[in-house]
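Chemist: Structure in structure tokens, see below.
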Amino acid sequence: MPALKSVFHKLFRFCTRKIVFPLYYNLNTIKPLQDDKVVFVELRLPELSDSFIELYNYLDENYNLELKTHFIRHGFDSNSKKYRSIFAFLKDAATAKYIIFNEAADIFGCMRKRKNAHMLCTWHGCGAFKKFGLSTKDKGFGDSGIEAKLYPGHPDYDIVTVSSPEVVWAYVEAMGKENRKESIRPTGVSRTDVFYRKDYIDKAFDRLHELIPESKDKKVMLYAPTFRGETKTAHTPEEIDIKLLCEKFSDEYILLIKNHPIVHNKIRIPDECKSFAFDVSKFLTTEEVICTADICISDYSSLIYEYSLFERPMVFFAFDLDAYFDNRGFYYDYDSLTPGPVCRTNDELIGAISELTNNFENSEYRSQIHEFRNKFMSACDGHATERIVREFFGKDIRKYGKMGLNPDISSYAR
């Protein structure tokens with residue numbers, strides 16, 4: 001029975017991705033291209049993610065464009081709802097001059113780019129940490145080499161936005177863009193613009209204090225792990241000892257837990273620690289917790305790149321490093337890359353936090369974080385969104401500028 005199910009799954013994938021989806025999309029490309037239509041597509045989330053929101057708002061505020069959003073909810077909605085969403089997206093995208101992605105999927109890889117249409121990918125992670133895409137083929141996390149070639153996850157993007165020149169090579173490898181290396185551009189990442197706005201940071205603190213009054217008189221410790229397992233069944237790790245953290249640091253800190261957005265579970269907080277630890281996954285954005293955290297505990301999450309913009313201390317709780325490396329791998333040597341102590345046990349974690357709390361400014365990690373930021377986030381200077389609009393839309397968008405708002409993009413003609 002499992003063998004029969006596997007055969008059916010492979011057959012279904014082939015028929016939908018190689019026949020049904022391309023045919024439906026191509027039939028809809030018979031209709032004229034709409035010059036003012038911009039389509040954003042979210043693969044999993046039910047609302048616009050941080051990878052899109054700054055760009056969407058910039059376009060909405062400055063231009064009279066038809067902005068469309070699609071939410072496929074892969075791995076969350078029932079199959080019937082998911083496939084209705086896919087067909088709705090393909091129909092809409094077929095007549096859009098501009099299509100904007102932030103994630104890979106074999107649904108997208110089967111789309112051919114129309115003449116005079118343009119595709120942008122504002123990838124959902126900064127830097128280059130854990131491997132993804134073609135870099136994981138034949139590993140536990142990725143497709144087989146044959147499947148990766150048969151079902152490409154990326155269409156023919158005009159531009160993929162990345163956080164610095166340092167990481168261009170990794171995206172070329174992961175997305176299979178060896179023949180289109182120029183499409184991977186260190187424009188900076190749109191969502192990082194908020195970290196340069198004092199009013200945004202102030203509001204993040206206001207929101208934290210409103211939701212968690214205990215935070216007003218305490219420092220903030222952030223735990224932000226990446227998910228484990230496959231994306232469809234993603235779960236958050238539960239090895240961290242919240243009770244031990246509470247015993248050691250509750251006089252000085254509160255703990256915010258921010259789970260990866262695609263996980264299906266949450267960490268259990270012991271009853272005696274509920275005035276210390278708070279799961280804010282549904283209540284505070286990733287940007288808000290980054291702004292307010294005094295110290296960050298992570299593992300293999302690309303969140304550390306954004307967090308490095310504040311040059312605050314980081315600790316890495318990598319209890320399963322060997323297994324994670326075997327299953328997925330990293331673009332850089334893990335121990336050399338991480339600008340903070342790497343801990344395998346909860347006792348090591350407690351010791352590292354204590355040391356950083358008492359002596360961060362004079363520690364070797366202070367300069368490591370500064371170098372890390374300069375190397376991996378050099379293009380993220382608070383103006384990434386404007387650059388992306390200039391480079392992707394070019395002068396064609398000028399005619400849609402709103403009255404009294406005329407962003408200067410004339411020097412970025414295609």
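Since every read-out is calculated from the coordinates, none of them should be taken as a lab result. Every value quoted in this text rests on a predicted model; they were computed, and no experiment measured them. Because the Cβ atoms are built from the backbone with ideal geometry, glycine has one as well, and the counts that use them run over all protein chains shown.
Chemist: Which entries in Lys81/Lys232; Lys216/Lys375; Lys81/Lys258; Lys177/Lys282; Lys18/Lys137 show an alpha-carbon gap greater than 26 Å?
Modeler: Pairs exceeding the cut-off: Lys216/Lys375; Lys81/Lys258; Lys177/Lys282.
Chemist: To continue, here is another question. Calculated FRET efficiency, Arg84 and Asn359, Cβ-Cβ r, R0 41 Å, to nearest 0.05?
Modeler: E between Arg84 and Asn359, to the nearest 0.05, is 0.15.
Chemist: Continuing with the same structure: Working from Cα positions, state the angle (0 to 90°, nearest 10) between the long axis of helix 384-393 and the longest principal axis of the chain.
Modeler: 10
Chemist: Next question, about the same structure. Could you give the angle, 0 to 90 degrees to the nearest 10, between helix 50-62's Cα long axis and the longest principal axis of the Cα atoms of the chain?
Modeler: 60
Chemist: Taking the chain as a Gaussian network, Cα atoms linked when under 10 Å apart, which of Phe40, Phe87, Phe317 shows the biggest mean-square fluctuation?
Modeler: Phe87
Chemist: Now for a separate question. If amide hydrogens are placed 1.01 Å from N in the peptide plane, which non-local residues have theirs closer than 5 Å to the one on Asp279?
Modeler: When sequence neighbours closer than 5 places are left aside, the close amide H contacts are Ile257.
Chemist: Taking a ≥ b ≥ c as the square roots of the eigenvalues of the Cα gyration tensor of the stretch 112-174, is the shape rounded (a/c under 1.5), prolate (a/b larger than b/c) or oblate?
Modeler: Oblate is the answer for the stretch 112-174, as a/c is 1.5 or above yet b/c matches or exceeds a/b.
Chemist: About the Cα centre of the chain, how large is the charge dipole given +1 on each Lys and Arg Cβ and -1 on each Asp and Glu Cβ? Please answer in debye to the nearest 20.
Modeler: 2580
Chemist: Taking other Cβ within 10 Å of each residue's Cβ, how do His9, His383 sort, fewest first?
Modeler: The most exposed by this proxy come first: His9, His383.
Chemist: Return the lysines within reach of Lys97: Cα separation strictly under 21 angstrom, same-chain partners fewer than 8 residues apart disregarded; answer none if there are no such residues.
Modeler: Cross-link targets: Lys31, Lys37, Lys68, Lys113, Lys115, Lys395, Lys399, Lys402.
Chemist: Still on this model: For the chain, modelled as a GNM with alpha-carbon contacts under 10 angstrom, which of Arg344, Arg328, Arg390 fluctuates the most?
Modeler: Arg344
Chemist: Here's another thing I want to ask about it. How high is the FRET efficiency from His383 to Phe325, r the C-beta distance, R0 45 Å, rounded to 0.05?
Modeler: So, using R0 = 45 Å, E works out to roughly 0.80.
Chemist: Where Rh denotes the Kirkwood radius from the mean inverse Cα pair distance, what is Rg over Rh for the stretch 193-376?
Modeler: Using only Cα positions, Rg/Rh for the stretch 193-376 is 0.93.
Chemist: Right, next: Grab every C-alpha pair in the stretch 1-135, bin the distances at 10 angstrom width from 0 up to the longest one, and report whole percents.
Modeler: 11, 38, 35, 13, 2, 0
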